[in-house]
Amino acid sequence: MERTLVMIKPDGVERNLVGKVISIFEENGLKVVALKKVRLSKKQAEAFYIVHKERPFYDSLTTYMSSGPIVAMVLEGENAIKKVREIMGATDPAEAKEGTIRKLFGIDKEKNTVHGSDSPESAAKEIPFFFSEFELIAAE
Ligand code: UDP
Ligand code: MG
């Protein structure tokens with residue numbers, strides 16, 4: 001069993017896609033372990049995306065990610081990290097495969113509706129960014 005951190009980004013929350021996005025993950029066998037709606041400050045968004053600090057899209061991305069509430073969740077399942085990445089689709093919705101969340105709902109390369117951890121190392125950093133040990137243990 002593996003756990004991964006997923007966010008429904010401001011464009012998804014704003015368009016009332018929270019239920020639809022979670023349904024797609026659940027239909028694919030993933031379990032919601034923990035869930036919360038929060039609004040990140042610009043500083044918190046910068047900290048979350050610190051690995052992209054040198055990228056040209058960093059400022060725009062972190063401004064966007066702090067522009068409205070997001071829904072953060074921990075999903076669990078076999079190969080959850082890779083599975084979530086497949087269900088989400090490519091970063092750019094225009095390049096994402098049919099049936100993926102980003103193909104269905106993504107607006108553009110930035111406002112692409114969902115985030116999912118890209119590796120076990122990322123998940124190990126991203127899960128505690130949002131959820132305390134208590135919240136994770138209490139869900140079992
Ligand atoms: N992003 C962007 N422009 C780009 C590449 C990425 O605005 O050219 C944004 C987009 O919201 C993406 C996030 O930055 O989801 C993180 O980028 P990454 O390359 O890690 O894509 P992901 O892992 O989310 O598919
Ligand atoms: Mg990434």
Residue in the stretch 118-134 that is in a loop (DSSP other than H, G, I, E, B), touching a Phe, Trp or Tyr at 6+ places or on another chain (Cβ under 7 Å) and within 12 Å of ligand 1 (Cβ to nearest atom) present: no
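Tally the residues that are part of a helix (DSSP H, G or I), among the hydrophobic types (A, V, I, L, M, F, W, C) and more than 14 Å from the chain's Cα centre (by Cα), restricting the search to the stretch 94-117.
Looking only at the stretch 94-117, we keep the residues that are part of a helix (DSSP H, G or I), and these are 94-95, 101-105.
Next cut, among the hydrophobic types (A, V, I, L, M, F, W, C) only: 94, 101, 104-105.
Those left that are additionally more than 14 Å from the chain's Cα centre (by Cα): 94, 104.
Count: 2.
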Of the residues Gly29, Gly12, which is in contact with a Phe, Trp or Tyr (Cβ under 8 Å, 6 or more places away or on another chain) and touching a residue at least 24 places away in the same chain (Cβ under 8 Å)? Gly12
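Here is a yes/no grid of residues against (1) away from ligand 2 (no atom under 16 Å from the Cβ); (2) aromatic (Phe, Trp, Tyr):
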| position | (1), (2) |
| --- | --- |
| Val32 | yes, no |
| Ala45 | no, no |
| Tyr49 | no, yes |
| Tyr58 | no, yes |
| Ile70 | no, no |
| Lys83 | no, no |
| Asp92 | no, no |
| Lys103 | yes, no |
Restricting to the stretch 51-61, count the residues that are within 16 Å of the chain's Cα centre (by Cα) and closer than 10 Å to Glu110 by Cα. 1
Filter the stretch 105-140 for residues that are within 14 Å of ligand 2 (Cβ to nearest atom) and among the aliphatic types (A, V, I, L, M) and give the result. Val114, Ala123
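When you go through Ile50, Ile107 one by one, which is the residue that is modelled with pLDDT of 95 or more, closer than 16 Å to Asp11 by Cα and open to solvent by 80 Å² or more (accessible area, probe 1.4 Å)? Write out each step before concluding.
Working: Ile50 fails: closer than 16 Å to Asp11 by Cα.
When all the criteria are applied, what remains is Ile107.
The values are calculated or read from the model by the stated rules, or taken from the named source; none is laboratory data. Treat the numbers as computed from the prediction; the structure is a model and nothing was measured. Quick reminder, even Gly has a Cβ in these numbers, built from the backbone with ideal geometry, and neighbours come from all protein chains shown. Heads up: the accessible areas ignore ligands, DNA and RNA and are worked out on the full protein's heavy atoms, side chains in. Shrake-Rupley method; radii C 1.70, N 1.55, O 1.52, S 1.80 Å.
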